[in-house]
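Here is the structure we will look at.
The values are calculated or read from the model by the stated rules, or taken from the named source; none is laboratory data. Just so it is clear, the model here is predicted, and its values are computed rather than measured. Note that we place each Cβ from the backbone using ideal geometry, even for glycine, and neighbour counts take in every protein chain shown.
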Amino acid sequence: MDSGPWPRDGSGAALLKLTLPGKPPIAPPPLPPPLPAGVRMAAADMDIGQFQDLADQLGEVKRAAAGFDLKLHVQIELSGGKPVPQAVVDRINELLERVSSSLKAH
C-alpha cells in the first residue's frame with residue numbers, strides 16, 4: 001500500500017509508511033592505476049610449487065626480456081585460522097632476510 005501524497009496534514013499521518021534503507025552495497029576494490037604506455041605485466045596468486053616453477057624459469061624469462069627492464073614484485077602472505085605467533089614471523093623474517101633485507105613480514 002502506498003503512503004499517499006507527501007507532505008501530509010496531521011490526519012493523514014496514520015497512512016505514512018516509512019522503510020529503513022537496506023544494507024549499502026559493498027564497494028568493489030579500487031582498480032589498479034593504469035600501466036604506463038608500453039609496459040606489460042603478469043600477476044597471479046601462486047602456491048609454493050608454482051613459485052618454485054617460476055624460479056626455475058627466471059633465467060629463460062630474463063633472456064627473453066633482453067634489452068628491456070624486467071622487474072619482479074614479490075608479496076608473501078601468511079595466514080590461518082588463528083593469529084600467526086610472533087616466533088613464526090621472526091623465523092620467516094630471518095629466512096627472507098637471506099634473500100633481501102627489504103623483504104620482511106609485519
**Study point:** Answer from 12, 22, 38 - the residue that is surrounded by 10 or more Cβ atoms within 10 Å (Cβ to Cβ), without any contact (Cβ under 8 Å) to a residue 24 or more places away in the chain and among the small types (Gly, Ala, Ser)
**Key:** 12
Review point. Is it true that residue 75 is at pLDDT 95 or above and polar (S, T, N, Q)?
Key: no
Practice item. Return the residue satisfying two criteria in turn: it lies in segment 68-106 and is more than 20 Å from residue 52 (Cα to Cα), in a helix (DSSP H, G or I) and among the β-branched types (Val, Ile, Thr), and of such residues it is farthest from the chain's Cα centre (by Cα). Key: 88
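Do you know which residues across segment 15-40 are of a type in the set (A, V, I, L, M) and either within 15 Å of residue 72 (Cβ to Cβ) or part of a loop (DSSP other than H, G, I, E, B) (or both)? Reasoning before the result, please.
Going residue by residue through segment 15-40, those that are of a type in the set (A, V, I, L, M) are 15-16, 18, 20, 26-27, 31, 35, 37, 39.
Correct list: 16, 18, 20, 26, 27, 31, 35, 37, 39.
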Point to revise | Condition broken by residue 12, with the remaining ones in (1) at pLDDT 85 or above; (2) part of a helix (DSSP H, G or I) satisfied | key: (1)
Review point. Taking residue 43, is it out of contact with any Cys (no Cβ under 6 Å at 6 or more places or on another chain), outside any helix (DSSP H, G or I) and loosely packed, with under 10 Cβ neighbours inside 10 Å?
Key: yes
Practice item. Please specify each residue of segment 61-106 satisfying the condition of being within 19 Å of residue 41 (Cβ to Cβ), surrounded by 10 or more Cβ atoms within 10 Å (Cβ to Cβ) and small (Gly, Ala, Ser). Key: 64, 65
